[in-house]
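Enquirer: Attaching a single structure in C-alpha cells format; questions to follow.
The values are calculated or read from the model by the stated rules, or taken from the named source; none is laboratory data. Values in this document were obtained by computation on a predicted structure and should not be read as measured data. Backbone-built Cβ (ideal geometry, glycine too); neighbour counts: all protein chains shown. To get the accessible areas, we keep the full protein, side chains included, count just its heavy atoms, and leave off ligands, DNA and RNA. Shrake-Rupley method; radii C 1.70, N 1.55, O 1.52, S 1.80 Å.
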Amino acid sequence: MADQSWQKSSFSGDTANCIYLAEASGDGIRIRESDAPGIIISTSPDVLRALLLGVKAWEFDHLTT
C-alpha cells in the first residue's frame with residue numbers, strides 16, 4: 001500500500017487526527033486513519049457517497065449519545 005497516493009481530508013486542517021483516501025485498483029476507494037495507518041478499509045464510490053450524505057444529513061447523530 002505504500003505506493004498509493006493517499007490524500008488527506010481537507011476538513012482535517014492542521015490537526016494530527018486525519019482521514020486519508022486513496023484510489024484502489026479498479027473502481028474502489030481505500031480509507032485509513034492517521035492514528036492507525038495499517039488498518040485500511042475498501043469501499044466503492046457509491047457506498048462512500050451514501051455514507052457521506054447520511055453524515056451530512058445528521059442521520060447518525062443518535063449513535064453518539
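Enquirer: Relative contact order of the chain: what whole-number percent is it, with Cα pairs under 8 angstrom and at least 6 residues apart?
Expert: So the answer I get is 19 percent.
Enquirer: Using alpha carbons only, what's the Rg to Rh ratio of the chain with Rh from Kirkwood?
Expert: Taking Rh as the inverse mean 1/r over Cα pairs, Rg/Rh reads 0.99.
Enquirer: Under unit Cβ charges (Lys, Arg +1; Asp, Glu -1), what dipole magnitude, rounded to 20 debye, does the chain have relative to its Cα centre?
Expert: Details: 5 positive and 9 negative charges, 8 e Å.
Here the chain has a charge dipole of around 40 debye.
Enquirer: Shifting gears a bit: If 65, 43 are ordered by their accessible area, calculated over protein heavy atoms with a 1.4 Å probe, which sequence runs from highest to lowest? Don't skip to the answer; put the middle values down first.
Expert: On the way: 65 150, 43 35 Å².
Putting 65, 43 in descending order of accessible area: 65, 43.
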